[in-house]
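A.B. asks: The structure under discussion is supplied below as structure tokens; questions concerning it will follow.
Read-outs: derived from the displayed coordinates by stated rules, not from any lab. All values derive from a computational prediction rather than experimental measurement.
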Amino acid sequence: MSFSVVIVSFRAQTGRQFALSVIYIVGIIMQSSFTFLAASNLEIKAEGLTDVVYDVDWYNATGSKIPRHIMFMLMKAQRPLRLTGAGLFNVDRSMFLQIMRTGFSISALIRQI
């Protein structure tokens with residue numbers, strides 16, 4: 001993304017080329033934001049799973065399998081859900097903002113050189 005910003009600033013001579021380049025960069029940002037924001041929303045929903053499972057009337061269930069399965073679900077829900085990108089970084093809103101800041105900082109440094 002940072003190289004795209006630099007190329008736009010150097011290569012866009014006409015207004016049409018500039019507009020197409022800006023649309024391209026906005027598309028890249030939106031594509032990555034859809035991934036990061038959806039993953040972050042999934043993590044937020046997963047944090048509330050233990051409360052929702054516990055609110056089920058599982059302790060008064062007549063079947064012997066239901067309370068056991070609910071207990072296993074509660075045990076599994078104790079570990080927080082974290083989506084990672086190839087095991088290298090967490091995929092969440094803060095990482096998205098950090099990537100955007102770093103990308104624009106790199107493009108500003110390259111433009112000054």
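A.B. asks: Quick one: among PHE36, PHE89, PHE72, which has the greatest mean-square fluctuation in a GNM of the chain with alpha-carbon springs under 10 angstrom?
C.D. replies: Looking only at PHE36, PHE89, PHE72, the largest GNM fluctuation is found for PHE72.
A.B. asks: Another question about this same structure. Considering only GLY103, GLY15, GLY48, give the residue with the highest GNM mean-square fluctuation for the chain, with springs between Cα atoms whenever their separation is below 10 Å.
C.D. replies: The residue that fluctuates most here is GLY15.
A.B. asks: Starting from the Kirkwood radius over alpha-carbon pairs of region 2-112, derive D by Stokes-Einstein at 4 °C in a medium of 1.567 mPa s and give it in µm² s⁻¹.
C.D. replies: For these conditions, the coefficient is 74 µm²/s.
A.B. asks: Any chance you could give the angle, 0 to 90 degrees and rounded to 10, that helix 2-11 forms with the longest Cα principal axis of the chain?
C.D. replies: The angle comes out at about 20 degrees.
A.B. asks: GNM on the chain, C-alpha springs below 10 Å: top fluctuator among LYS76, LYS45, LYS65?
C.D. replies: Looking only at LYS76, LYS45, LYS65, the biggest GNM fluctuation is shown by LYS65.
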